[in-house]
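> Before I ask anything, let me first share the structure, which is written out below as structure tokens.
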Amino acid sequence: MTFLIFPLGNPGEKYAETRHNAGRLILSFLKDDEDFKKLLEDSDAKLFIPDSFMNESGKALKNYLKNTNLEKENLIVIYDDKDLEIGDVRLAIDRGDGGHNGLKNIIQNLGGKSFYRIRIGIAPKGTGKNNLIPPHGDIVQKYVLGKFTSEELDVLKDKKLLERVRIFLEKIILN
């Protein structure tokens, strides 16, 4: 079975290290991982990184999928989640958009939500679990479009976090 790995983000240098690009950053960090390279080589998994902006992700994805035999159930979206503490990674399937405009656009354009998601936490450190106070309201856009600090980037580059993302990908693709 062929899967499509689709990391959300915005194109261009201006957005390269912003929190909204966590999905693309994680994938860029994984590209040097030998186990990840082997996973891609040993499976039919494909990567698609569009030149479109986050809020138009669904439109780009729909255009890509119409030229393939892939179904939305074979889609793995990797994206930032402001409701998870940075360093936290979760696997989900068949959920709503959680207020994420990129996911909202994908769900609208694909006509459903039955696809895999790997959620990458971007909420400030120390706000996890019961004390979580992620950015809400008017500051959300400023927060997600803000650049990661060097400490936050170190958290995302952590081998354990990257291994967890790779294991999630393996479980989906190989099982």
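The values are calculated or read from the model by the stated rules, or taken from the named source; none is laboratory data. Keep in mind that this is a model prediction, so the values were computed, not measured. Note that we place each Cβ from the backbone using ideal geometry, even for glycine, and neighbour counts take in every protein chain shown.
> Scan region 162-175 for residues that are out of contact with any helix residue (DSSP H, G or I) (no Cβ under 7 Å at 6 or more places or on another chain) and not in a loop (DSSP other than H, G, I, E, B) and report the count. Spell out how you get there, then give the answer.
Here is the first cut: in region 162-175, the residues out of contact with any helix residue (DSSP H, G or I) (no Cβ under 7 Å at 6 or more places or on another chain) are 163-164, 167-168, 171-172, 174-175.
Restricting the remaining residues to those that are not in a loop (DSSP other than H, G, I, E, B) gives 163-164, 167-168, 171-172, 174.
Of the residues in that region, 7 qualify.
> Another question about this same structure. If you check every pair at least six apart or on different chains, which have Cβ atoms under 6 Å apart with a residue in region 19-43 that is surrounded by 12 or more Cβ atoms within 10 Å (Cβ to Cβ) first and a residue that is among the hydroxyl-bearing types (Ser, Thr, Tyr) second?
ASN21/TYR15; GLY23/TYR79
> Separate question: Any idea which of (1) at pLDDT 95 or above; (2) assigned to a helix (DSSP H, G or I); (3) in contact with a helix residue (DSSP H, G or I) (Cβ under 7 Å, 6 or more places away or on another chain) is the one ILE78 doesn't satisfy?
ILE78 satisfies every listed condition except (2).
> Identify the residue in region 30-47 that is out of contact with any helix residue (DSSP H, G or I) (no Cβ under 7 Å at 6 or more places or on another chain) and in a loop (DSSP other than H, G, I, E, B) and, among all such residues, is nearest to LYS171 (Cα to Cα).
The extreme case among them is ASP44.
> So how many residues does region 51-75 have that are part of a loop (DSSP other than H, G, I, E, B) and either more than 30 Å from ASP154 (Cβ to Cβ) or hydrophobic (A, V, I, L, M, F, W, C) (or both)?
Summing the residues that are part of a loop (DSSP other than H, G, I, E, B) and either more than 30 Å from ASP154 (Cβ to Cβ) or hydrophobic (A, V, I, L, M, F, W, C) (or both) in region 51-75 gives 7.
> Would you call ILE106 of a type outside the set (S, T, N, Q), touching a strand residue (DSSP E or B) at 6+ places or on another chain (Cβ under 7 Å) and closer than 30 Å to SER150 by Cβ?
no
> Just give me the residues in region 128-156 being outside any helix (DSSP H, G or I), out of contact with any Asp or Glu (no Cβ under 6 Å at 6 or more places or on another chain) and at pLDDT below 75, in sequence order.
LEU132, ILE133, PRO135, HIS136, GLY137, ASP138 - these are the residues of region 128-156 that are outside any helix (DSSP H, G or I), out of contact with any Asp or Glu (no Cβ under 6 Å at 6 or more places or on another chain) and at pLDDT below 75.
> Something else now. Determine whether ILE86 is surrounded by 15 or more Cβ atoms within 10 Å (Cβ to Cβ), at pLDDT 90 or above, farther than 17 Å from ALA123 by Cβ and among the hydrophobic types (A, V, I, L, M, F, W, C).
On the way: surrounded by 15 or more Cβ atoms within 10 Å (Cβ to Cβ): yes; at pLDDT 90 or above: yes; farther than 17 Å from ALA123 by Cβ: no; among the hydrophobic types (A, V, I, L, M, F, W, C): yes.
For ILE86, the condition - surrounded by 15 or more Cβ atoms within 10 Å (Cβ to Cβ), at pLDDT 90 or above, farther than 17 Å from ALA123 by Cβ and among the hydrophobic types (A, V, I, L, M, F, W, C) - is not met.
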